1. Looking at B:V266, B:V219, B:V273, which is the one that is outside any helix (DSSP H, G or I), out of contact with any Pro (no Cβ under 7 Å at 6 or more places or on another chain), within 29 Å of B:A198 (Cβ to Cβ) and not assigned by TED's automatic domain parsing to the domain that holds B:V578?
2. Pick out the one residue from A:L40, A:L31 that is within 14 Å of chain B (Cβ to nearest Cβ), touching a strand residue (DSSP E or B) at 6+ places or on another chain (Cβ under 8 Å) and either surrounded by 14 or more Cβ atoms within 10 Å (Cβ to Cβ) or of a type in the set (F, W, Y) (or both).
3. Quick check: is even one residue across the stretch B:223-239 surrounded by fewer than 23 Cβ atoms within 10 Å (Cβ to Cβ) and over 22 Å from B:D284 (Cα atoms)?
4. Just give me the residues in the stretch A:59-73 being β-branched (V, I, T) and surrounded by fewer than 13 Cβ atoms within 10 Å (Cβ to Cβ), in sequence order.
5. Testing B:R622 on (1) more than 27 Å from A:V18 (Cβ to Cβ); (2) within 13 Å of chain A (Cβ to nearest Cβ); (3) part of a helix (DSSP H, G or I), one condition comes back false. Which one is that?
6. What residue, among those in the stretch B:144-173 that are closer than 20 Å to B:V130 by Cα and touching a residue at least 40 places away in the same chain (Cβ under 8 Å), is surrounded by the fewest Cβ atoms within 10 Å (Cβ to Cβ)?
7. Please determine, by comparing only the residues of the stretch A:74-105 that are surrounded by 11 or more Cβ atoms within 10 Å (Cβ to Cβ) and among the small types (G, A, S), which one is farthest from the other protein chains (Cβ to nearest Cβ).
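The values are calculated or read from the model by the stated rules, or taken from the named source; none is laboratory data. Quick caveat: nothing in here was measured; it's all calculated off a predicted structure. For neighbour counting, all protein chains shown are included, and Cβ atoms are generated from backbone atoms with ideal geometry for every residue, glycine included.
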Amino acid sequence: MISLGIPHYLIISTALLVIGLTGFLFARKSLVVLLMCIELVLLASTTNFVLFARHYADIDGHLTVFFVLTVAAAESAIGLALILLFFRKTQSANVSAAVSLRESA
Amino acid sequence: MNHSYLLIPTLPVLGALISGFIGRRLGKPVTLFLALCAMFCTLGLSVYWLDQINHGVRINQDIYTWAVFGDAVFSVGFLLDPLSVMMNMVVCSISLMVHIYTIKYMEHDEGFFRFLAYISLFTGVMLALVMANNFLQLFFGWEGVGLVSYLLIGFWYTKETAIYANMKAFIVNRVGDLGFLLGLGLLYKFTGTLDFQAIFNHLPDLVKHQYELFGFGQVQLVSLIALLLFIGAMSKSAQIPLHAWLPDSMEGPTPISALIHAATMVTAGIFMVSRFSLLFEQSDTVLNFMMGIGAITAASMGVLAIVQRDIKRIVAYSTLSQLGYMTAALGASAYRVAVFHLLTHAFFKALLFLGAGAVILAKHHEQDIRRMGGLIRKMPVTYLCMLLASLALSGIAPFSGFFSKEPIIEAVKLSSQAWAPWSYWLLMIGVALTPFYSFNLMFRVFHGKENSAVAHHHDHHAHHVDDHHHHDDVAEPFWTIKLPFIVLAVFSVINGVWLAPAMLYGNYFSSTLVALPAHSNWLHIVEEFHGVADSVIHALYAVPTWLALGGIIVAWVYVWKVPHLPEDSQTDKGNLFVRWIKSGYGFDFMYKLLASIIFSLGAFFSSLDRWGIDGLVNVMPRIINVYGQRLRQLADGSISSYAFFMVTGVVLMLGYLVYFIH
């Protein structure tokens, strides 16, 4: 049986981070996908917190995870609300539609 | 101590404040009453102080310390001596006459109260000037009268020519004031004071000084100061080449031409040089220069008076010419003669101007002598008064001009200065020119046929509203206009006979206006004086008298032969020489040329600044701008690119932390 060590968990969290960032940077379609990618990045970091909390038998890491998850929940609530408003305004939840910060010229 | 002399300059200023600020509220009669009261009281006080001075009283008193800077004390003070009380008398009497004349003359002008305030203010400032005991106060008065002159030339401020004229007067006077200020600065530097008496006390030291003038080597300090002060006097008293403003100042209302630009303000330069006779005496160079400038002005401006067609400009050029006589007399060290001519001239020239004003008013603002004629039947009193003034101006005995002009010519003849010989001849030419232009004016305006029928040209004064009259109602003016005529005419006639024995040949000025023994050749004429009657009889044998009479006869022949002066359009075709004369010797052209040179220099330096220095300075912002333009392309408003920058930033920061901090 293969024992799972720290490297395996780190590979998983790195994979999560890379997937999240890649999605975040290159998402061209939906704003919701962006939000999901941000969640993935946050999950990558929480995985690391849990991993090292277990490894060092330190409760602080577990505690931090709860805070991160709470913030992530709040963030997605606000994010979804923003997307909803954006959709009402532009009839679209498309990333390429969110260009109102661009100079009009 | 009797301080009542303080009221002499303050009462007119008070009058000016009343008319200027609350005149409209008080109404015309009350304001006029107060203003005239102020003038009457001032005149009364002047007479009182004249009497005091005649009894040997002298006042030289600082009454107020205006400013103290370290060792420098500037105070307000008054000096009453024969010269200043004489000037007081001239200023107050002419001013009072002009005040009375103004009542009717400016009656319909909407700026009546403003006008009244200005002439009262002028009187006050002029009196402060002549009574000053230090240069600072004299300079205050000097600039004050300049300011009022500016305001009054541009009195009809909607008239474009008037605005140009007052600008011109102001700018030309700035040129002279620069000289004047530099002179004051030098005086202050080497004496440490501006008080007249203190400067005179320092004079023996001052004479020994040499001054290093830039690269020109050593010059005598006294000469330099005297020259600079005289440049100031040249602009105020309108001597060539700083005379150009005076003919144009005729744009103002006629009463102020009489008061300011003929009788009083323009003599401030003559007064200042006389006041400083002790200093000017120390410099032969400057005396010589003054005589030359005066003589050139006297003759050349007399010529210009002949070619003028505007009645006021004729009298204005005549004023320039007479100021030239005064300056020439100053150059000959005959200060009291110059001052005496100042006095006689003030009366008859004010009268000529007021008369010209009455004629202009009667002809409904027609100023061209070609449109006048035959007025003698309609305006006999005006005619008589102006005739007396013209005779006085021409120097015919026994009128006042004779007693002042003849000694000037004698003084220049006897002067030991280098330029005296040709100055004398120029003045003699002037003697013949004066009656010619005066009587050319008199004959054309008052004799001959009435030319009003051809009047179609008007010099409009938008502010005058009495144009609804017709041209055939030319009549003798109102009595408030005639009264000043008669008073001034009486004085024009008697001033010479009355005052010459005391002022010219007596001791009136002997302690005030002093000439060095080396320059006192002219005092010869005092020795030859054997009473007024004798001089009048002597006049029969004198060349100037015959020249003057000749001038009158030539004028009569000229008017008889050429009854209708050609219109401008025809004369403009005249040859170069005639055009040169008609353009006033091209001084205006020269000044324009000078100004355009300065303007192009300014344009050159301005472009140097704009393209050279500003260009260099602007290189830096340009670079920033170019790169800024590139960078802002990055902010394209798309979320993914912002996210990309954010992530890249985080990665870079992390990399930095990992590789450089550890």
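1. Numbers: B:V266 fails: outside any helix (DSSP H, G or I); B:V273 fails: outside any helix (DSSP H, G or I).
From the options B:V266, B:V219, B:V273, the qualifying one is B:V219.
2. Working: A:L40 fails: touching a strand residue (DSSP E or B) at 6+ places or on another chain (Cβ under 8 Å).
So the residue among A:L40, A:L31 that is within 14 Å of chain B (Cβ to nearest Cβ), touching a strand residue (DSSP E or B) at 6+ places or on another chain (Cβ under 8 Å) and either surrounded by 14 or more Cβ atoms within 10 Å (Cβ to Cβ) or of a type in the set (F, W, Y) (or both) is A:L31.
3. Looking for residues that are surrounded by fewer than 23 Cβ atoms within 10 Å (Cβ to Cβ) and over 22 Å from B:D284 (Cα atoms), one finds none in the stretch B:223-239, hence no.
4. Here is the first cut: in the stretch A:59-73, the residues β-branched (V, I, T) are A:59, A:64-65, A:68, A:70-71.
Once the filter is applied, which keeps residues that are β-branched (V, I, T) and surrounded by fewer than 13 Cβ atoms within 10 Å (Cβ to Cβ), the stretch A:59-73 yields A:I59, A:T70, A:V71.
5. Result: B:R622 passes all but (2).
6. Applying the first criterion (closer than 20 Å to B:V130 by Cα) to the stretch B:144-173 yields B:144-150, B:173.
Next, only the ones that are touching a residue at least 40 places away in the same chain (Cβ under 8 Å) stay: B:145-146, B:148-149, B:173.
Details: B:V145: 25, B:G146: 22, B:V148: 25, B:S149: 26, B:N173: 24.
Checked the stretch B:144-173; the qualifying residue surrounded by the fewest Cβ atoms within 10 Å (Cβ to Cβ) is B:G146.
7. Once the filter is applied, the top-ranked residue is A:S76.
Results for (1) of a type in the set (G, A, S); (2) within 20 Å of B:Y642 (Cβ to Cβ); (3) under 10 Å from the mean Cα position of the chain (by Cα), shown as yes or no for each residue.
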site	(1), (2), (3)
A:G20	yes, yes, yes
A:F26	no, yes, no
A:K29	no, yes, no
A:C37	no, yes, yes
A:A44	yes, no, yes
A:N48	no, no, no
A:A53	yes, no, no
A:I59	no, no, no
A:H62	no, no, no
